[in-house]
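J.: This structure is in structure tokens; I'll ask about it shortly.
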Amino acid sequence: PSQMIVMHMDDTVIRKTGKKIPGTGWKRDPLGPAFHTNFIWAQRFIQTTISLYGNEFNSQCSSIPIDFFHCPSVKKPGKKATEEDLHIYKEEKKKHNMSVEGLERIKIMRKRVDDMASKERELFLCVDGSYTNQTILGKLPENITLIGRVRKDAKFNYLPETEKTKGRNKVYGEPVPTPEEIRKDETIHWQKFKAYAAGKVHEFKVKIIQSVKWRKAGKRQIMQIVVIAPLAYR
């Protein structure tokens, strides 16, 4: 009861064959080769899973799906569409993109935790780079720690100095080195942690820069950068 709750969220596609199935369309095949984009006829969903802790003999966690939400793309008007039709399409596309729909699922998951457990229960949500953006981070509900992936050249800022100056107070301080520069900086020492991955417990090396801000996340979000050294080839 006192442990934090860890969830994972990502979008996925389900292959279909019928052309009249609601919400189907041509989607990029995630299993296609990196050097060639393949397309499949499929439906798109947002899936959320929860990690259940292993016991003392097994440090591996099990991820159980708890939410599977149909998130189809907005259908584009045909060539004979009017200006009004195109305007409606653009507005609907803004309302039903993956980030907006993902934010709504996050709010629902937080409410479920509040109703079933408690409002003080910590919730950690792991997402990939497509959900680490201004739309989600700017309106993230309270008591959620989001762990996301960013580009290696992402630009962060330190917190501003507390001393007041003339005019408005600063929101962002001095620029922080990019994650790639942090990785190469020998003056920042690696910290070692053990974690389960790829079938066994590995020792990971990480560098952590705390108390930073990211302009894309808005001025109220305070973050930390975690740079993870890749494991050796296995």
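J.: What percent does the relative contact order of the range 79-234 come to when contacts are Cα pairs within less than 8 Å and at least six residues apart?
T.: 17 percent.
J.: Which links in LYS155/LYS216; LYS16/LYS94; LYS90/LYS216; LYS76/LYS107; LYS94/LYS119; LYS16/LYS93 stretch past 19 Å when you go from one Cα to the other?
T.: Where the Cα-Cα span goes over 19 Å, the pairs concerned are LYS16/LYS94; LYS90/LYS216; LYS76/LYS107; LYS94/LYS119; LYS16/LYS93.
J.: If the cut-off is a Cα-Cα distance under 19 Å, which aspartates and glutamates reach LYS205, setting aside same-chain residues fewer than 8 apart in sequence?
T.: GLU180, GLU181, ASP185, GLU186
J.: If you don't mind, another one. If R0 is 45 Å, what FRET efficiency do you get for ALA117 and LEU86 from their C-beta distance, rounded to 0.05?
T.: 0.50
J.: Using a probe radius of 1.4 Å on heavy atoms only, what accessible surface per residue do you get for the range 109-166? Whole Å² is fine.
T.: 71
J.: When the Cα centres of the range 1-63 and the range 128-150 are compared, how far apart do they sit, in Å?
T.: The distance from the Cα centre of the range 1-63 to that of the range 128-150 comes to 18 Å.
J.: Here's a follow-up. Could you compute how fast the range 36-132 diffuses translationally, taking Rh as the Kirkwood radius over C-alpha pairs and applying Stokes-Einstein at 37 °C with viscosity 0.692 mPa s? Give it in µm² per second.
T.: D = 196 µm²/s.
J.: Could you list which residues have their amide H under 5 Å from that of LEU123, counting only those 5 or more apart in sequence or on another chain, with H placed in the peptide plane?
T.: Residues meeting the criterion, in which the H sits 1.01 Å from N, are ILE5, THR145.
J.: Still on this structure: What percent antiparallel are the DSSP beta bridges of the chain, to the nearest 5?
T.: Bridges in the chain are about 80 percent antiparallel.
J.: Over 33 Å, how big is the tail of the calculated P(r) for the chain, in percent of all Cα pairs?
T.: For the chain, the fraction of Cα-Cα distances above 33 Å is 32 percent.
J.: Now for a separate question. When the Karplus curve 6.51 cos²θ - 1.76 cosθ + 1.60 is applied with θ = phi - 60°, which whole-Hz ³J(HN,Hα) does each residue of the range 26-36 get, with x for Gly and Pro?
T.: 7, 10, 5, 6, x, 8, x, x, 5, 8, 8
J.: Shifting gears a bit: What order do HIS8, HIS87 take when sorted by accessible area (1.4 Å probe), most exposed first?
T.: Order by accessible area, largest first: HIS87, HIS8.
J.: Carbon-plus-sulfur fraction of the accessible area of the chain, 1.4 Å probe, in percent?
T.: 54
J.: To the nearest 500 deg cm²/dmol, what mean residue ellipticity at 222 nm is calculated for the chain from DSSP H runs of n ≥ 4 alone, each contributing -39,500 (n - 2.57), summed and divided by the residues?
T.: -5500 deg cm²/dmol
J.: Using modelled amide H (1.01 Å from N, peptide plane; none on Pro or chain starts), what sits under 5 Å from the amide H of CYS71, excluding residues fewer than 5 places away?
T.: ARG44, PHE45, ILE46
J.: Sticking with this one: Under 5 Å between amide hydrogens, which residues at least 5 positions from LYS16 or on another chain qualify, with H placed 1.01 Å from N in the peptide plane?
T.: Under 5 Å from the amide H of LYS16: TRP41, ALA42, GLN43.
J.: Related question: Treat every Asp and Glu Cβ in the chain as -1 and every Lys and Arg Cβ as +1, leave all other atoms uncharged, and give the resulting dipole magnitude about the Cα centre to the nearest 20 debye.
T.: Result for the chain is approximately 700 debye, rounded to the nearest 20.
J.: Per residue and in Å³, how big is the convex hull formed by the alpha-carbon atoms of the range 98-216?
T.: 175
The values are calculated or read from the model by the stated rules, or taken from the named source; none is laboratory data. What you see is a predicted model; the values in this text were computed from it and never measured. Cβ atoms come from the backbone with ideal geometry, glycine included; neighbour counts cover every protein chain shown. Keep in mind that these areas ignore ligands, DNA and RNA; they rest on the heavy atoms of the full protein, side chains included. Shrake-Rupley method; radii C 1.70, N 1.55, O 1.52, S 1.80 Å.
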